[in-house]
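These notes are about the structure you will find just below.
The values are calculated or read from the model by the stated rules, or taken from the named source; none is laboratory data. Small disclaimer: the values here were computed from a predicted structure and weren't measured. As a convention, Cβ positions derive from the backbone with ideal geometry for all residues, glycine included, and neighbour counts pool all protein chains shown. The protein model used for the area step is the full one, side chains on, heavy atoms only, and it has no ligands, DNA or RNA in it. Shrake-Rupley method; radii C 1.70, N 1.55, O 1.52, S 1.80 Å.
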Amino acid sequence: MAPRTEFHFDFGSPNAYLAHLVIPAIEKRTGARFVYVPVLLGGVFKATGNVSPAVSLRGIKNKSEYAARETQRFVAKHGITRFVPNPFFPVNTLQIMRGAVAAQHLGCFARYVDEVYRHMWADPKKMDDPAVIRAALVESQLPADELLARAADPDVKQQLISNTETSVARGVFGSPSFFVGDELFFGKDRLREVEEEIKTQQGR
């Protein structure tokens, strides 16, 4: 039996998007099914004192260039063809992350995740503008009005807060983060180790 494997994600992380594109191949090879857990990366950063790479790499000679090269290697290795830096980055993801929780309640979560990631990092848009969000959801043939209304409900807002607090309590400090059972892995470059840990726990 495959161990519980979780992906703690925020749409604002390009590395989480790239991980999302690679996860299906890992699922196919291992039989595991990743449980997607929406968290608010801004809340994670605030709780842990962390900052985004856009801030942490600023002013450091050669480091941001290396990070870009590492991303190019990852994209090439996995044959990823649909990745475009978002010209509106950084995007405030509060509304679309609440939308992810709403989509769980409305039974369209998987499609919502695929489509919002597309609108962020394949056909990039300013996904913190309410009008843009609604238009994107309509374009994706998702129930835009229902999603936006549900995202404003207090229970949805609280669930996103609770997800974020629980994630931090378990050791998360950024996205993408993964749990295989209770083992935490951070970053898209740890997906090989995630797959190895799945197989290890399957063999126990």
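With both residues required to sit in the chain, DSSP beta bridges show an antiparallel share near 60%. Net charge dipole, the stretch 70-161: roughly 300 debye, given to the nearest 20, about the Cα centre with Cβ charges of +1 for Lys and Arg and -1 for Asp and Glu. FRET efficiency for the Ala68 to Gln202 pair, using the beta carbon distance and R₀ = 41 Å, is estimated at 0.70. Pull out a ≥ b ≥ c, the square roots of the eigenvalues of the alpha-carbon gyration tensor of the stretch 1-67, then state rounded if a/c is under 1.5, prolate if not and a/b is larger than b/c, and oblate in the remaining case. It comes out oblate by the Cα gyration axes. A 32 angstrom limit on the alpha carbon distance is what I want to check against. Which of Lys28/Lys61; Lys77/Lys199; Lys46/Lys125; Lys125/Lys157; Lys46/Lys188; Lys77/Lys157 exceed it? In this structure, Lys28/Lys61; Lys77/Lys157 lie more than 32 Å apart at Cα. Taking a sphere under 15 Å around the Cβ of Phe83 and counting the other residues whose Cβ falls inside, with K and R at +1 and D and E at -1, yields a net charge of +4.
Across the chain, Cα pairs under 8 Å and at least six residues apart give a relative contact order of 35 percent. Magnitude of the charge dipole for the chain, about its Cα centre and with charges confined to Cβ atoms of Lys, Arg (+1) and Asp, Glu (-1), is about 560 debye. Would you indicate which of (i) 7, 26, 25, 18, 14, 8, 2, 0; (ii) 8, 34, 38, 17, 2, 0; (iii) 9, 39, 39, 12, 1 is the value of P(r) over Cα pairs in 10 Å bins from 0, in percent derived from the coordinates of this structure? Checked against the structure: label (ii). Protein heavy-atom surface of the chain, 1.4 angstrom probe: 54% of the accessible area is carbon and sulfur, with nucleic acids and ligands not counted.
Candidates His119, Val75, Gly42 compared by Cα position along the dipole of the chain: farthest toward the positive end lies Val75, with charges placed on Cβ. From helices alone, the chain scores -17500 deg cm²/dmol at 222 nm; the rule is -39500 (n - 2.57) for each run of n ≥ 4 DSSP H residues, then divide by the residue total. Backbone N atoms of the stretch 66-107 closer than 11 Å to the 7 Å Cα→Cβ label point of Ser52 belong to residues 86-94.
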